[in-house]
Amino acid sequence: MYKSVILPLAKEDIREAAKWYNKMQEGLGKRFIAEVREKVHYITQNPEASVVRYDKVRTAVLNVFPFMVHYTIDAANKTILILAIFHTSRNPEFWATR
């Protein structure tokens, strides 16, 4: 199994989305965070299960919430780097600014 490292910008993505979901419905932000954790755990066990979308960046779609986990694989160190958690309707060109 690989270990995961969630980069600061990705942590901010998670916080912002959870905050927004909590405004919509109390406790929904916690459900969002739990789903992100589940997906990251799945990725650490199956790092190559998701497709390469941008250069070497892979994306995995959450099961319930319309977000994608963007990550790279560092096979030499058996590490998954979580780069971003983006809403699926977000402009893909935003990725270039990260």
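Listing for the model above:
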{"quantity": "Matching option when the condition is part of a loop (DSSP other than H, G, I, E, B), closer than 21 Å to LYS3 by Cβ and small (Gly, Ala, Ser), among ALA60, ALA76, ALA49", "calculated": "ALA49"}
{"quantity": "Per-region count, the stretch 17-33, residues loosely packed, with under 12 Cβ neighbours inside 10 Å and part of a helix (DSSP H, G or I)", "calculated": "3"}
{"quantity": "Test: residue in the stretch 59-74 that is surrounded by fewer than 19 Cβ atoms within 10 Å (Cβ to Cβ), modelled with pLDDT of 95 or more, more than 23 Å from ASN91 (Cβ to Cβ) and in contact with a strand residue (DSSP E or B) (Cβ under 9 Å, 6 or more places away or on another chain)", "calculated": "yes"}
{"quantity": "Members of the stretch 22-37 that are under 16 Å from the mean Cα position of the chain (by Cα) and closer than 17 Å to SER89 by Cβ", "calculated": "PHE32"}
{"quantity": "Pair list, Cβ < 9 Å and 6+ apart or interchain, from the stretch 36-58 residues that are touching a residue at least 12 places away in the same chain (Cβ under 8 Å) to residues that are among the acidic types (Asp, Glu)", "calculated": "ARG58/GLU48"}
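The values are calculated or read from the model by the stated rules, or taken from the named source; none is laboratory data. None of the values given here were measured: they were computed from a predicted structure. Ideal geometry is used to build each Cβ from the backbone, glycine not excepted, and the neighbour counts take in all protein chains shown.
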